[in-house]
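Contents: one structure, followed by commentary.
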Amino acid sequence: MQVPLIRLQCGVNSYEWGKKGSESAAARFAAATPSDNLSIQADKPYAELWMGTHPSNPSKDLTTGRTLLDLCAENQLLLSQSVASKYGSKLPFLFKVLSINKALSIQAHPNKKLAEQLHARDSKNYPDDNHKPEMAIAITPFEGLCGFRPLGEIAHFLETVKPLRTLVGESEASQFIQAAKQEGGDEAAKKKALQTAFGGLMSSSPEDIDRETASLVKLAESEGADFAAGGVSSTKGAVLAELVTRLNGQFGSDIGIFVLFFLNFVTLQPGEALFLVADDIHAYVSGDIVECMAASDNVVRAGLTPKFKDVSTLVDMLTYNYAPIDEQKMTPTEYPYATLNRNAYSSGSSVMLYDPPIEEFSVVRTLLRGEGAKATFDPLEGPSIVICTGGKGTIAVGPTKREIQEGYVFFVGSTAELVLESAVGQDEEFTTFKAFCEI
Ligand SMILES: NNC(=O)[C@@H](O)[C@H](O)[C@H](O)COP(=O)(O)O
Ligand SMILES: [Zn+2]
């Protein structure tokens, strides 16, 4: 049976935080594929390219116009029997490219149980009954807020940033500082103190937020590198001061600006990655990324957004885990099931695996340098989606061989032996990302 290689036409979502017009990688990639209803407008934000079967924006077979969702429902072998029997006739993952001009909302994604409850209670704001663990891989330099800081860092900010301490509340702040400074001590009590302090911040009144935002911005502008007593080792005062003024410029007076002092601020270079389990708090700030997640669009938001906010649900649902940012970063490993040809070896090409501790997806980044560099992948017992984010080459499954260049997206059916070959010049790179599920 001929395993299909299907060129996809993918939709792009215009959220307010997206980069504008062709500055947006999501827009450029979407526009690389012929479409009768997409013309990129220079002043319109384009946030997310969606690749997959999610019904909110299902990808289509470019040749027939049929949705990938329909094709998988008609022929489960595209997914493989094992994947289809566990996840039904749809992809277990949703694959995206995000192009971020302004900060995304302060958010977390509910675990499976909470997702079912929220979906049953409010399917408009919570369209899925599924969890949404997610992984982000930087295409360009990326900034994000991710997971709670080590408690000592938060204590430092409560002691040195008066507007923050005022919004948290004097007693909550001093109780937290006391708990944070206890050597060893009861982990559950520390997390409770963190939840109380964070909950105190998030329950601030709009008047208090307006007043304290104005004071915070004034301090940031006047103190510069000395802001927050010079900051902490992971985030220096000057960086914090710039972030406060940037976020204030983007959102005006907003409680999300104060969340900055509770969350790790992380920068990723191209190829570096983050993994977020369900219920992990985060907010991406800038850059272009590839993102892969379980098939869900459930977002619980609490700040930095014009969208629906559900602050009490967010405060209640969080794990209140805290850790240095390096524990949130994911380290890719060499992908063992691909063979590079001589050109690829000699030009320093690479095939790297990003493999989070969940079943629904993994991602492989293939970076082929120079003319004729080739990677041959062992057949997978499961579905894949491949996007080219730079350069050009060919993609082949069995006897079917197609051109692929920046923005092109292909669905690769189960048990395909996939071959990628570069058609770029000597010092250029042909880069693809492949999301897949194999169980
Ligand atoms: N962390 N990234 C994600 O979860 C993306 O997949 C979501 O689609 C975005 O967070 C949605 O962001 P807004 O709700 O528009 O602020
Ligand atoms: Zn998210």
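The numbers here are math on the coordinates, done by the rules we state, and not lab data. These numbers were taken from a predicted model, which means no experiment stands behind them. Neighbour counts are summed over all protein chains in view; Cβ atoms, including those assigned to glycine, are modelled from backbone coordinates with ideal geometry.
Once amide H atoms are placed 1.01 Å from N in the peptide plane, what residues at a sequence separation of 5 or more from GLY391, or on another chain, have their amide H within under 5 Å of its amide H?
For GLY391, the qualifying residues are GLU406, THR431.
Just to confirm my numbers, what's the Cα centroid distance between the stretch 44-68 and the stretch 242-274 in Å?
Value for the Cα centre distance between the two parts: 30 Å.
What is the packing order of peptides 333-340, 190-197, 33-40, taking the mean over residues of other C-beta atoms within 10 Å and listing the highest first? Spell out each step's value before the answer.
Numbers: 333-340: 14.0, 190-197: 19.8, 33-40: 11.6.
Most protected by this proxy first, the peptides run 190-197, 333-340, 33-40.
With just the Cα atoms defining each centre, how far is the stretch 299-324 from the stretch 142-212? Give it in Å.
Their Cα centres are 15 Å away from one another.
Angle between the Cα long axis of helix 206-223 and the longest principal axis of the chain, 0 to 90 degrees, nearest 10?
The helix 206-223 is inclined about 90 degrees to the chain.
Take the Cβ-Cβ distance between LYS307 and GLN182 as r, set R0 to 35 Å, and report the resulting FRET efficiency rounded to the nearest 0.05. Each step should come with its number before you reach the end.
Details: r = 38 Å, r/R0 = 1.10.
My answer for the efficiency is 0.35.
Hey, can you grab everything whose amide H is under 5 Å from the amide H of LYS19? Only 5+ residues off in sequence or another chain; H modelled, so Pro and N-termini drop out.
TYR46, SER99, ILE100, ASN101
Among residues other than ALA225 whose Cβ falls under 11 Å from its Cβ, what is the net charge (Lys/Arg +1, Asp/Glu -1)? Before the final figure, lay out each step's value.
Working: positive: LYS236; negative: GLU223, ASP226, GLU242.
With Lys, Arg at +1 and Asp, Glu at -1, the neighbours total -2.
Where in the stretch 352-379 does the label zone of THR319 land, with the point 7 angstrom along Cα→C-beta and an amide N cut-off under 20 Å?
Correct set: 354-363.
Grab the beta carbon distance between SER22 and THR64, set R0 = 25 Å, and tell me the FRET efficiency rounded to 0.05. Present the calculation step by step, with values, prior to reporting the outcome.
On the way: r = 28 Å, r/R0 = 1.13.
My answer for the efficiency is 0.30.
Among the listed pairs LYS96/LYS329; LYS309/LYS434; LYS329/LYS392, which are separated by more than 26 Å between their Cα atoms? Before the final figure, lay out the partial values.
On the way: LYS96/LYS329 19 Å; LYS309/LYS434 33 Å; LYS329/LYS392 29 Å.
The answer is LYS309/LYS434; LYS329/LYS392.
Say the dipole of the stretch 381-439 comes from +1 at the beta carbon of Lys and Arg and -1 at that of Asp and Glu; which of LEU420, PHE430, VAL409 then lies farthest toward its positive end?
The one lying farthest along the dipole's positive direction is VAL409.
Per the Cauchy relation, a quarter of the hull surface: what is the mean projected area of the convex hull of the alpha carbons in the stretch 26-78, in nm²? Working shown, then result.
Numbers: hull surface 16.9 nm².
Average of the hull's projected areas for the stretch 26-78 equals 4.2 nm².
Could you give each residue of the stretch 141-149 its phi-based ³J(HN,Hα) in whole Hz, using Karplus coefficients 6.51, -1.76, 1.60 with θ = phi - 60°, and x for Gly or Pro?
So the Karplus estimates, Gly and Pro as x, are x, 10, 10, x, 9, 8, x, 6, 5 Hz.
Where does helix 112-121 land angle-wise versus the long Cα axis of the chain, in degrees 0 to 90, nearest 10?
The answer is roughly 80 degrees.
What order do you get for ILE255, ILE106 when you list them from fewest to most C-beta neighbours inside 10 Å? Don't skip to the answer; put the middle values down first.
On the way: ILE255 23, ILE106 28.
Ordered from fewest to most neighbouring Cβ atoms within 10 Å, ILE255, ILE106 come out as ILE255, ILE106.
Note down the nm distance, to one decimal, between modelled labels 7 Å out along Cα→Cβ at SER82 and at ASP427.
4.5
Picking from THR53, SER349, LEU276, whose Cα lies most toward the positive end of the charge dipole for the chain (charges on Cβ: Lys, Arg +1; Asp, Glu -1)?
The residue sitting most towards the positive pole is THR53.
Under a point-charge model restricted to the Cβ atoms of Lys and Arg (+1) and Asp and Glu (-1), what is the dipole moment magnitude of the chain relative to its Cα centre, in debye to the nearest 20?
So the magnitude is around 560 debye.
Contour minus end-to-end for GLN117 and LYS218, with contour as 0.36 nm per residue of separation and end-to-end as the Cα-Cα distance? Show your work: numbers first, answer last.
Working: separation 101, 0.36 × 101 = 36.36 nm, distance 4.25 nm.
Fully extending the segment from GLN117 to LYS218 adds 32.1 nm.
Under 10 Å, Cα contacts only: if you run a Gaussian network model on the chain, which one of THR64, THR235, THR160 comes out with the highest mean-square fluctuation?
For the chain, modelled as a Gaussian network with Cα springs under 10 Å, the answer is THR64.
Give me the Å³ per residue figure for the convex hull around the C-alpha atoms of the chain. Intermediate results must be reported in sequence, preceding the final value.
Values: hull volume 66.7 nm³, N = 439.
Once divided by residue count, the hull of the chain is 152 Å³.
Can you work out ³J(HN,Hα) from phi for every residue in the stretch 232-244, in order, using Karplus 6.51 cos²θ - 1.76 cosθ + 1.60 and θ = phi - 60°, giving whole Hz and x for Gly and Pro?
Once θ is set to phi - 60°, the couplings for the stretch 232-244 become 10, 4, 7, 8, 6, x, 4, 5, 5, 4, 5, 5, 4 Hz.
So between LYS236 and THR339, what do we pick up on full extension, going 0.36 nm a residue minus the alpha carbon distance? Before the final figure, lay out the partial values.
Working: separation 103, 0.36 × 103 = 37.08 nm, distance 4.37 nm.
Residue separation times 0.36 nm, minus the Cα-Cα distance, leaves 32.7 nm.
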